[in-house]
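A.B. asks: Got a structure here, written out as structure tokens. Questions coming.
Nothing in this text is a laboratory measurement; each read-out follows from the coordinates by a stated rule. Computed from a predicted model, the values in this text were never measured in an experiment. Reconstructed Cβ throughout: ideal geometry from the backbone, glycine too, with neighbour counts over all protein chains shown.
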Amino acid sequence: ENTWPQRCFLGFALSAPQRQQLCSWQQQLGDGNHRWVASANLHLTLAFLGQLQPSQMQQLLERVPLLPLQRFSQPLTQLAYWPKPNIACLTSEDVASALQQMAAEAQQLMHQLALPASEHSVYRPHITLARKASSLANSWQKLVPPQLNLQPTALHLYHSQSTDTGVRYQILNSWPLV
Ligand code: 3AM
């Protein structure tokens with residue numbers, strides 16, 4: 001059952017071994033006041049689209065294939081805590097150029113669809129590992145980070161749905177990277 005608008009984002013999936021790697025790393029640290037992101041929800045966001053109306057969805061589906069959908073390798077090897085979204089994540093200071101270009105053109109596409117652009121002028125690739133993460137702020141960067149090299153084979157359009165058991169990201173459409 002689809003209701004509108006739909007909260008959506010463009011992003012990349014992790015491989016099953018990568019999800020397992022991060023999940024094991026989270027488990028070593030154990031629980032606390034933070035909320036670990038569930039293994040099934042681990043992802044790399046290209047662009048947060050926000051609330052899409054049906055006409056915007058239709059235009060998006062027409063125009064995403066025009067983005068530079070090139071393969072890339074993005075190492076993610078640094079732990080960071082970002083206070084404003086209050087997340088603890090795995091990130092990198094260097095952005096793969098093909099990913100950088102895709103992110104910039106995705107922002108232009110959002111502008112064309114009259115979607116609010118990102119508040120941030122710089123694209124920072126990251127995998128959110130924990131939310132409500134303020135209790136991790138002091139220790140987080142001193143931990144030994146998981147070493148990940150993301151090499152996605154597709155770009156996905158995700159629908160972010162709230163459910164009784166938490167948020168669920170449903171893939172609505174996928175485009176292969178070439
Ligand atoms: O990729 P991460 O997990 O950091 O927090 C949301 C998640 O980020 C973020 O978009 C990703 C997919 O849901 N998000 C949610 N609301 C947002 C907003 N208003 C947002 N990003 C920017 N602006």
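A.B. asks: Using only the Cα atoms of segment 69-118, build the gyration tensor, take square roots of its eigenvalues as a ≥ b ≥ c, and label the shape rounded, prolate or oblate: rounded if a/c is under 1.5, else prolate if a/b is larger than b/c, else oblate.
C.D. replies: oblate
A.B. asks: Of the options 160, 46, 90, report the single residue whose Cα projects farthest towards the positive end of the charge dipole of the chain (beta-carbon charges: Lys, Arg +1; Asp, Glu -1).
C.D. replies: About the Cα centre, the residue reaching furthest to the positive side is 90.
A.B. asks: Taking the Cα centre of the chain as the origin, how large is its charge dipole in debye, to the nearest 20, when only Lys and Arg (+1) and Asp and Glu (-1) carry charge on their Cβ atoms?
C.D. replies: Here the chain has a charge dipole of around 280 debye.
A.B. asks: Compute the acute angle (0 to 90°) between the alpha-carbon long axis of helix 97-112 and the principal axis of greatest extent of the alpha-carbon atoms of the chain; round to the nearest 10°.
C.D. replies: Relative to the chain, helix 97-112 is tipped by roughly 50 degrees.
A.B. asks: May I ask you to compute the full-extension gain from residue 114 to residue 131, defined as 0.36 nm times their residue separation minus their alpha-carbon distance, rounded to one decimal in nm?
C.D. replies: 3.2 nm
A.B. asks: For segment 59-178, build the convex hull from the C-alpha positions and give me its volume per residue in Å³.
C.D. replies: Convex hull volume per residue, Cα atoms: 132 Å³.
A.B. asks: While we're here: Just order 166-178, 85-97 by mean Cβ neighbour count inside 10 Å, highest at the front, would you?
C.D. replies: Taking the mean over residues of other Cβ atoms within 10 Å, the ranking is 85-97, 166-178.
A.B. asks: Could you state the angle between the C-alpha long axis of helix 16-29 and the longest principal axis of the C-alpha atoms of the chain, as a value from 0 to 90 degrees rounded to the nearest 10?
C.D. replies: Roughly 40 degrees between the two axes.
A.B. asks: Same structure again: Once both axes come from the Cα atoms, what is the angle between helix 54-63 and the longest principal axis of the chain, in degrees from 0 to 90, rounded to 10?
C.D. replies: Helix 54-63 and the main axis of the chain meet at about 90 degrees.
A.B. asks: Would you work out which of 140, 110, 69 lies farthest towards the positive end of the dipole of segment 54-152? Charges go on Cβ: Lys and Arg +1, Asp and Glu -1.
C.D. replies: 140
A.B. asks: Okay, next question. Amide H neighbours of residue 46 under 5 Å, at least 5 residues apart or on other chains, H built in the peptide plane: list them.
C.D. replies: Counting only residues 5 or more places away or on other chains, the set is 10, 11, 12.
A.B. asks: Taking the Cα-to-Cβ direction at residue 63 and at residue 86 and moving 7 Å from each Cα, how far apart do the two end points lie in nm?
C.D. replies: With each label placed 7 Å out from Cα toward Cβ, I get 3.4 nm.
A.B. asks: Is it possible to state the helix-based mean residue ellipticity at 222 nm for the chain, with each DSSP H run of 4+ residues giving -39500 (n - 2.57), the sum divided by total residues, to the nearest 500 deg cm²/dmol? What is it?
C.D. replies: That calculation yields -7000 deg cm²/dmol at 222 nm.
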